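Nothing in this text is a laboratory measurement; each read-out follows from the coordinates by a stated rule. As the structure is a computational prediction, the values presented were derived from the model and not from experiment. Here the Cβ positions follow ideal geometry from the backbone for every residue, glycine too, while neighbour counts run over all protein chains shown.
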């Protein structure tokens, strides 16, 4: 009894080598070509993804730079507006101070005119009262005591006369 049949083993080895050669020639070539193309496609996609990632990073960097510039410009404009507002406030205060001083001067001038007018009115009334007292004294031809009483009466009228501003 023979355990190993050499012819059967040789047939199997030849068949195996033939299948191996057929697979290599007709199956592995297209499979390997397909795998190589697939590997190249995946590598290209990874490269594309990496390129997009770099572009996104560059865009983000550019965007952040622009935001910083916009923020700086906004700060400059805010500071400029604050400075303009402060200058306008100072100008308004200055104008208000000038207006206050102008009105104060006008009021003082008006008070001087009123005071002068009151003095003039008081002087005229005093003269009128003195003339009236003199007329009475002449008209009555009084003695010295009568004249004194008449002058004192006139002076009392002057003192009891309303203030000059209410005439």
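Summary table below
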item	result
Computed label-point distance, nm, for sites residue 12 and residue 63 using a 7 Å Cα→Cβ extension	6.7 nm
Three principal axis lengths of the chain [C-alpha, angstrom, descending]	197, 31, 15
Calculated [θ] (222 nm, deg cm²/dmol) that DSSP helices of n ≥ 4 give over the chain, each run adding -39,500 (n - 2.57)	-32500 deg cm²/dmol
Span per principal axis, largest first, for the Cα atoms of the stretch 1-40 (Å)	57, 13, 6
Kirkwood Rh and Cα Rg combined as Rg/Rh, the stretch 21-102	1.78
Label-point separation in nm, residue 123 to residue 108, each point 7 Å along Cα→Cβ	2.3 nm
